[in-house]
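Working notes, structure below.
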Amino acid sequence: MISFREHDYARDELTQLKKIMLKASHQVQLQKDGYSIIENVLSKRQVADVRKRLVLAAQESERRGVPTYIEGLDPNERNVRVFNLMDLDPIFLELIQHPLAIATAEFLMGPDFIISNFTANIAKPGSGSMKIHSDLSIVLPEPWLEPWSLNIIWCLDDVTKDNGGTRFLPGSHRFQRLSEVPRDIADRMTAFEAPAGSVIAMDGRVWHTSGKNVTTDQERALLFGYYSRAFIRPQWNHSVGLSQASQRDLSPRMQHWLGLGVSANIAPLRGLEDR
């Protein structure tokens, strides 16, 4: 299995990783526009391995009785959704704690964050779009004042506007209330386009939707690592979703990020003297 932990990288791979770690330009764009695209995070070999494992994970999810099509979420079965990735293959436990993902989460939200969810979406030819939304609006009532959540999107195929690239409105992370979202938002949206192996960092306040795959012969596979501030209830109950086998060898840091400790997610105590 290809590892994503820093100490398991070959020296040349680690050097390349450090070159593409979150740069000042990425930080500026993430704050200004609500997103940033970082290319060449995964090598072709890594992309091929993760994508193969994703297909097997989708099959395993169905075998366990967890459907990969959710009626009401997507308009048809051409959108394949895979939940609870971290319990389906250990490669996803590795990927969710990739140094770039953690660096981005710490930059946007500070150190007091958790791993809320890790899912996948494979848009097959003929797939449609879901409802337009922001991820923070799903887990937290308005007003949305700060960057309290983040999506790290892993591109396992070349992503284009035609094969289902996520459609989004740049700058929409500034909307604090639903009333600020324009009625013609769908007409203003544009699609993410990025080569396989890229990461798209997207502020959780950005309004977006899955794009339609209008091709006849292309699939578009994306992984969505969702991180949020620790005071927000996670989307996925990891203490139930992760088997004992998956939890057994987790580091203390991962246990904290997944809310598996007795005290769950509590920030360090701060008093008046800390102001």
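The values are calculated or read from the model by the stated rules, or taken from the named source; none is laboratory data. Everything numeric here is computed off the predicted structure, so don't read it as measured data. Glycine also receives a Cβ, built like all others from the backbone with ideal geometry; neighbour counts cover every protein chain displayed.
More than 18 Å from the chain's Cα centre (by Cα), at pLDDT below 95 and either under 30 Å from D162 (Cβ atoms) or basic (K, R) (or both): does that describe R233?
no
Among the listed residues R233, R220, R205, R253, which satisfies the condition of being among the basic types (K, R), under 19 Å from I114 (Cα atoms) and crowded, with 17+ Cβ neighbours inside 10 Å?
R205
If I ask for residues that are closer than 20 Å to G110 by Cα and touching an Asp or Glu at 6+ places or on another chain (Cβ under 9 Å), which ones from the range 236-266 would you list?
Listed by number, the list holds a single entry, N265.
Among the residues of the range 66-82, which ones are buried (at least 21 other Cβ atoms within 10 Å of the Cβ) and hydrophobic (A, V, I, L, M, F, W, C)?
Result: V80, V82.
Pairs only if they're at least six apart or on different chains, beta carbon under 6 angstrom, first in the range 238-252 and within 16 Å of I91 (Cβ to Cβ) and among the polar types (S, T, N, Q), second at pLDDT 95 or above and surrounded by 10 or more Cβ atoms within 10 Å (Cβ to Cβ); list them, first residue then second.
Hits for this filter: S243/D87; S246/D87.
I'd like the full set of residues that are in contact with a helix residue (DSSP H, G or I) (Cβ under 9 Å, 6 or more places away or on another chain) and either more than 22 Å from S116 (Cβ to Cβ) or assigned to a loop (DSSP other than H, G, I, E, B) (or both), limited to the range 152-166.
L156, D157
Regarding the range 261-269, can at least one residue be identified that is modelled with pLDDT of 95 or more and part of a loop (DSSP other than H, G, I, E, B)? Give the derivation first.
We begin by selecting, within the range 261-269, every residue modelled with pLDDT of 95 or more; these are none.
Among the residues of the range 261-269, not one is modelled with pLDDT of 95 or more and part of a loop (DSSP other than H, G, I, E, B), which makes the answer no.
Quick one: would you say D184 is exposed (fewer than 15 other Cβ atoms within 10 Å of the Cβ), among the charged types (D, E, K, R) and over 25 Å from M109 (Cα atoms)?
yes
Go over the candidates S134, S179 one by one and state the one that is polar (S, T, N, Q), buried (at least 22 other Cβ atoms within 10 Å of the Cβ) and modelled with pLDDT of 95 or more.
Result of the check over S134, S179: S134.
Among the numbered criteria (1) of a type outside the set (F, W, Y); (2) surrounded by fewer than 21 Cβ atoms within 10 Å (Cβ to Cβ); (3) part of a loop (DSSP other than H, G, I, E, B); (4) in contact with a strand residue (DSSP E or B) (Cβ under 9 Å, 6 or more places away or on another chain), which single criterion is violated by P143?
Checking P143 against (1) of a type outside the set (F, W, Y); (2) surrounded by fewer than 21 Cβ atoms within 10 Å (Cβ to Cβ); (3) part of a loop (DSSP other than H, G, I, E, B); (4) in contact with a strand residue (DSSP E or B) (Cβ under 9 Å, 6 or more places away or on another chain), the one that fails is (4).
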